[in-house]
Amino acid sequence: MTELTLNEPAMWVIVLITAAVAGFTRGFTGFAGPAIMVLVLIQFYSPVSVLPKIILIDLLSNLKLLPSTVREVDRRVIFIIIASSLLGLPVGMYLLVDTDPLIVKRFIAILAAVSAIIMLIGWRLSSVPARWIYATAGFLSGIIFGLTTTALLMMVFLFSIPTSAAVSRANAIHWVFTLMVLTTVGYTLTGVLTWDAVWRSLLVGVLYLLAAIAGSALFRVTPERNFRQAVLCVLVILSAIALARSYA
(Lines give C-alpha, C1' and ligand atoms only; values in the text may rest on other atoms or scores of the structure.)
Protein backbone atom coordinates (compact mmCIF):
# COMPACT_ATOMS: atom_id res chain seq x y z
CA MET A 1 0.00 0.00 0.00
CA THR A 2 1.08 3.60 -0.64
CA GLU A 3 2.72 5.42 2.29
CA LEU A 4 1.22 8.69 3.53
CA THR A 5 4.26 10.96 3.35
CA LEU A 6 2.52 14.36 3.02
CA ASN A 7 5.02 15.44 0.39
CA GLU A 8 2.76 15.44 -2.68
CA PRO A 9 -0.01 17.93 -3.60
CA ALA A 10 -2.66 15.21 -4.01
CA MET A 11 -1.94 13.93 -0.51
CA TRP A 12 -2.32 17.41 0.95
CA VAL A 13 -5.69 17.95 -0.75
CA ILE A 14 -7.10 14.64 0.50
CA VAL A 15 -5.77 15.10 4.03
CA LEU A 16 -6.81 18.75 4.39
CA ILE A 17 -10.39 18.17 3.25
CA THR A 18 -10.71 15.17 5.53
CA ALA A 19 -9.15 17.07 8.44
CA ALA A 20 -11.60 19.98 8.11
CA VAL A 21 -14.66 17.71 8.28
CA ALA A 22 -13.21 15.50 11.00
CA GLY A 23 -12.04 18.45 13.10
CA PHE A 24 -15.48 20.05 13.14
CA THR A 25 -17.00 16.74 14.18
CA ARG A 26 -14.38 16.29 16.90
CA GLY A 27 -15.06 19.71 18.38
CA PHE A 28 -18.82 19.25 18.41
CA THR A 29 -19.12 15.72 19.74
CA GLY A 30 -15.83 15.21 21.59
CA PHE A 31 -15.16 12.07 19.55
CA ALA A 32 -15.24 10.58 16.02
CA GLY A 33 -12.80 13.04 14.43
CA PRO A 34 -9.84 10.65 14.38
CA ALA A 35 -12.12 7.74 13.41
CA ILE A 36 -13.38 9.63 10.37
CA MET A 37 -9.84 10.48 9.30
CA VAL A 38 -8.70 6.89 9.79
CA LEU A 39 -11.58 5.38 7.82
CA VAL A 40 -11.06 7.79 4.91
CA LEU A 41 -7.27 7.80 4.72
CA ILE A 42 -6.72 4.04 5.04
CA GLN A 43 -8.56 3.75 1.73
CA PHE A 44 -5.56 5.41 0.09
CA TYR A 45 -2.58 4.78 2.37
CA SER A 46 -1.13 2.09 4.63
CA PRO A 47 -2.43 2.12 8.24
CA VAL A 48 1.02 2.26 9.84
CA SER A 49 1.80 5.46 7.89
CA VAL A 50 -1.61 7.02 8.59
CA LEU A 51 -2.34 6.35 12.27
CA PRO A 52 0.66 8.06 13.94
CA LYS A 53 0.07 11.21 11.87
CA ILE A 54 -3.59 11.35 12.87
CA ILE A 55 -2.53 11.38 16.52
CA LEU A 56 -0.48 14.53 15.89
CA ILE A 57 -3.23 16.17 13.83
CA ASP A 58 -5.76 15.62 16.62
CA LEU A 59 -3.37 16.58 19.40
CA LEU A 60 -3.62 20.34 18.83
CA SER A 61 -7.41 20.28 19.08
CA ASN A 62 -7.13 18.48 22.39
CA LEU A 63 -4.95 21.26 23.77
CA LYS A 64 -7.73 23.71 22.91
CA LEU A 65 -10.59 21.54 24.13
CA LEU A 66 -9.04 20.54 27.48
CA PRO A 67 -9.50 23.85 29.36
CA SER A 68 -13.21 23.99 28.53
CA THR A 69 -13.82 20.58 30.11
CA VAL A 70 -11.85 20.88 33.37
CA ARG A 71 -14.92 21.56 35.48
CA GLU A 72 -16.97 18.71 34.02
CA VAL A 73 -14.40 15.88 34.05
CA ASP A 74 -14.84 13.08 36.59
CA ARG A 75 -11.34 12.79 38.07
CA ARG A 76 -11.94 9.45 39.77
CA VAL A 77 -13.05 7.85 36.51
CA ILE A 78 -10.24 9.43 34.51
CA PHE A 79 -7.55 8.19 36.89
CA ILE A 80 -8.76 4.59 36.72
CA ILE A 81 -9.21 4.37 32.95
CA ILE A 82 -5.95 6.16 32.13
CA ALA A 83 -3.90 4.02 34.53
CA SER A 84 -5.34 0.79 33.09
CA SER A 85 -5.05 2.03 29.50
CA LEU A 86 -1.33 2.57 29.94
CA LEU A 87 -0.92 -1.16 30.47
CA GLY A 88 -2.64 -2.00 27.19
CA LEU A 89 -1.23 0.80 25.02
CA PRO A 90 2.22 -0.76 24.35
CA VAL A 91 0.56 -4.00 23.29
CA GLY A 92 -1.51 -2.21 20.66
CA MET A 93 1.47 -0.22 19.37
CA TYR A 94 3.46 -3.43 18.96
CA LEU A 95 0.59 -5.08 17.08
CA LEU A 96 0.31 -2.11 14.68
CA VAL A 97 3.91 -2.49 13.55
CA ASP A 98 3.88 -6.30 13.28
CA THR A 99 0.36 -7.02 11.95
CA ASP A 100 -0.63 -7.35 8.27
CA PRO A 101 -1.97 -3.91 7.14
CA LEU A 102 -5.01 -5.55 5.54
CA ILE A 103 -5.97 -7.18 8.84
CA VAL A 104 -5.56 -3.85 10.65
CA LYS A 105 -7.73 -2.13 8.04
CA ARG A 106 -10.51 -4.70 8.39
CA PHE A 107 -10.36 -4.59 12.17
CA ILE A 108 -10.68 -0.80 12.17
CA ALA A 109 -13.71 -0.96 9.87
CA ILE A 110 -15.47 -3.62 11.96
CA LEU A 111 -14.68 -1.84 15.22
CA ALA A 112 -16.01 1.49 13.94
CA ALA A 113 -19.19 -0.06 12.58
CA VAL A 114 -19.99 -2.07 15.72
CA SER A 115 -19.23 0.88 18.00
CA ALA A 116 -21.36 3.29 15.98
CA ILE A 117 -24.29 0.87 15.83
CA ILE A 118 -24.20 0.36 19.61
CA MET A 119 -24.24 4.11 20.15
CA LEU A 120 -27.02 4.58 17.58
CA ILE A 121 -29.17 2.04 19.38
CA GLY A 122 -28.68 4.11 22.51
CA TRP A 123 -27.51 1.27 24.73
CA ARG A 124 -26.87 2.50 28.27
CA LEU A 125 -25.71 0.92 31.49
CA SER A 126 -28.39 0.83 34.16
CA SER A 127 -26.01 1.99 36.91
CA VAL A 128 -22.52 3.40 37.43
CA PRO A 129 -19.97 0.58 36.88
CA ALA A 130 -17.68 -0.85 39.53
CA ARG A 131 -14.02 0.15 39.49
CA TRP A 132 -12.86 -3.15 38.02
CA ILE A 133 -15.14 -2.60 35.03
CA TYR A 134 -13.59 0.83 34.46
CA ALA A 135 -10.15 -0.78 34.67
CA THR A 136 -11.05 -3.57 32.22
CA ALA A 137 -12.52 -1.10 29.73
CA GLY A 138 -9.41 1.05 30.05
CA PHE A 139 -7.02 -1.85 29.44
CA LEU A 140 -8.87 -3.09 26.34
CA SER A 141 -9.27 0.45 25.01
CA GLY A 142 -5.54 1.04 25.49
CA ILE A 143 -4.73 -1.95 23.28
CA ILE A 144 -7.20 -0.85 20.61
CA PHE A 145 -6.00 2.76 20.71
CA GLY A 146 -2.40 1.67 20.18
CA LEU A 147 -3.44 -0.50 17.24
CA THR A 148 -6.01 1.74 15.54
CA THR A 149 -5.59 5.28 16.98
CA THR A 150 -9.36 5.32 17.51
CA ALA A 151 -11.02 5.76 20.88
CA LEU A 152 -14.32 4.23 19.80
CA LEU A 153 -14.42 1.40 22.34
CA MET A 154 -13.83 3.87 25.18
CA MET A 155 -16.39 6.26 23.69
CA VAL A 156 -19.03 3.52 23.67
CA PHE A 157 -18.25 2.80 27.29
CA LEU A 158 -18.12 6.41 28.51
CA PHE A 159 -21.28 7.48 26.71
CA SER A 160 -23.17 4.43 28.04
CA ILE A 161 -22.59 5.43 31.66
CA PRO A 162 -25.60 7.17 33.25
CA THR A 163 -24.02 10.63 33.45
CA SER A 164 -24.61 13.85 31.52
CA ALA A 165 -23.37 14.28 27.94
CA ALA A 166 -21.06 17.09 29.13
CA VAL A 167 -19.33 14.83 31.68
CA SER A 168 -18.97 11.98 29.18
CA ARG A 169 -17.56 14.38 26.60
CA ALA A 170 -15.08 15.82 29.14
CA ASN A 171 -13.92 12.36 30.23
CA ALA A 172 -13.44 11.37 26.58
CA ILE A 173 -11.37 14.45 25.76
CA HIS A 174 -9.05 14.01 28.78
CA TRP A 175 -8.56 10.29 28.16
CA VAL A 176 -7.79 10.74 24.47
CA PHE A 177 -5.37 13.61 25.11
CA THR A 178 -3.31 11.62 27.60
CA LEU A 179 -3.06 8.56 25.38
CA MET A 180 -2.21 10.67 22.34
CA VAL A 181 0.73 12.32 24.08
CA LEU A 182 2.12 8.99 25.26
CA THR A 183 1.54 7.29 21.91
CA THR A 184 3.30 10.12 20.07
CA VAL A 185 6.33 9.72 22.33
CA GLY A 186 6.32 5.96 21.75
CA TYR A 187 6.08 6.21 17.97
CA THR A 188 8.85 8.83 17.88
CA LEU A 189 11.20 6.74 20.02
CA THR A 190 10.62 3.64 17.89
CA GLY A 191 11.12 5.49 14.60
CA VAL A 192 7.56 5.06 13.32
CA LEU A 193 7.25 8.87 13.39
CA THR A 194 10.04 10.98 11.91
CA TRP A 195 10.54 14.67 12.67
CA ASP A 196 9.69 15.47 9.04
CA ALA A 197 6.33 13.75 9.48
CA VAL A 198 5.79 15.54 12.79
CA TRP A 199 5.95 19.09 11.44
CA ARG A 200 3.91 18.26 8.34
CA SER A 201 1.20 16.64 10.49
CA LEU A 202 1.14 19.61 12.86
CA LEU A 203 0.52 21.93 9.89
CA VAL A 204 -2.58 19.88 9.04
CA GLY A 205 -3.41 19.99 12.74
CA VAL A 206 -3.79 23.78 12.58
CA LEU A 207 -6.70 23.46 10.12
CA TYR A 208 -8.14 20.60 12.16
CA LEU A 209 -7.91 22.77 15.29
CA LEU A 210 -9.74 25.69 13.67
CA ALA A 211 -12.49 23.34 12.56
CA ALA A 212 -12.66 21.84 16.07
CA ILE A 213 -13.01 25.31 17.60
CA ALA A 214 -15.97 25.97 15.32
CA GLY A 215 -17.53 22.64 16.25
CA SER A 216 -16.98 23.26 19.96
CA ALA A 217 -18.65 26.67 19.74
CA LEU A 218 -21.66 25.16 18.01
CA PHE A 219 -21.89 22.44 20.68
CA ARG A 220 -22.63 25.09 23.32
CA VAL A 221 -25.70 26.44 21.52
CA THR A 222 -27.09 23.45 19.62
CA PRO A 223 -28.99 20.32 20.73
CA GLU A 224 -26.52 17.47 20.30
CA ARG A 225 -28.77 14.50 19.59
CA ASN A 226 -29.53 14.88 15.87
CA PHE A 227 -25.99 15.79 14.87
CA ARG A 228 -24.53 13.00 16.97
CA GLN A 229 -26.82 10.47 15.28
CA ALA A 230 -25.78 11.77 11.86
CA VAL A 231 -22.10 11.36 12.79
CA LEU A 232 -22.69 7.78 13.89
CA CYS A 233 -24.50 6.99 10.62
CA VAL A 234 -21.54 8.40 8.68
CA LEU A 235 -19.19 6.15 10.68
CA VAL A 236 -21.28 3.09 9.79
CA ILE A 237 -21.26 4.02 6.08
CA LEU A 238 -17.51 4.71 6.04
CA SER A 239 -16.88 1.43 7.87
CA ALA A 240 -18.93 -0.51 5.34
CA ILE A 241 -17.03 1.10 2.45
CA ALA A 242 -13.67 0.38 4.11
CA LEU A 243 -14.59 -3.25 4.76
CA ALA A 244 -15.92 -3.78 1.25
CA ARG A 245 -12.81 -2.28 -0.33
CA SER A 246 -10.55 -4.45 1.84
CA TYR A 247 -12.13 -7.55 0.29
CA ALA A 248 -12.23 -6.17 -3.24
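Below 8 Å, C-alpha to C-alpha, sequence gap of six or more: please give me the relative contact order for the chain in percent.
38 percent.
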| task | Give a residue-ordered list of calculated ³J(HN,Hα) values for segment 57-65 (Karplus: 6.51 cos²θ - 1.76 cosθ + 1.60, θ = phi - 60°; whole Hz; x for Gly, Pro). | result | 4, 7, 4, 4, 5, 5, 4, 6, 6
| query | Can you pull the percent of segment 142-182's accessible area that's carbon plus sulfur, 1.4 Å probe, other chains left in place? | reply | 80 percent
| Under a 1.4 angstrom probe, counting protein chains only, how are Glu72, Glu8 ranked by accessible area, largest first? | Glu8, Glu72
| the chain: angle of helix 165-190 to the longest principal axis, Cα-based, in degrees nearest 10 | 30 degrees
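Is the shape of segment 58-99 rounded, prolate or oblate, going by the alpha carbon gyration tensor and its root eigenvalues a ≥ b ≥ c, with a/c under 1.5 for rounded and a/b larger than b/c for prolate? Mind showing how you got there, number by number?
On the way: a/c = 5.75, a/b = 1.63, b/c = 3.53.
Oblate, since a/c reaches 1.5 and b/c is not below a/b.
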| note | Whole-percent carbon and sulfur contribution to the accessible surface of segment 51-106 (1.4 Å, no ligands, DNA or RNA) stands at 68 percent
| request: Between Ile241 and Val206, with labels modelled 7 Å along Cα→Cβ, what's the label distance in nm to one decimal, could you check? | output: 2.8 nm
| request: Please arrange Trp175, Trp195, Trp12, Trp123 by accessible surface area, largest first, computed with a 1.4 Å probe and ligands excluded. | output: Trp195, Trp123, Trp12, Trp175
| said: Would segment 89-248 count as rounded, prolate or oblate if I go by the C-alpha gyration tensor, calling it rounded below 1.5 in a/c and otherwise prolate when a/b exceeds b/c, oblate otherwise? | reply: rounded
| message | What whole-number distance in Å separates the alpha-carbon centres of segment 5-61 and segment 95-128? | response | 18 Å
| task | With a probe of 1.4 Å, find how much accessible area the chain has per residue, and write the answer as a whole number in Å². | result | 43 Å²
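The values are calculated or read from the model by the stated rules, or taken from the named source; none is laboratory data. Just so it is clear, the structure is predicted and the values come from calculations on it, not from any experiment. In this analysis, Cβ positions are derived from the backbone assuming ideal geometry, glycine residues included, and neighbour counts consider all displayed protein chains. Calculation scope for accessible area: heavy atoms of the full protein, side chains included, ligands and nucleic acids excluded. Shrake-Rupley method; radii C 1.70, N 1.55, O 1.52, S 1.80 Å.
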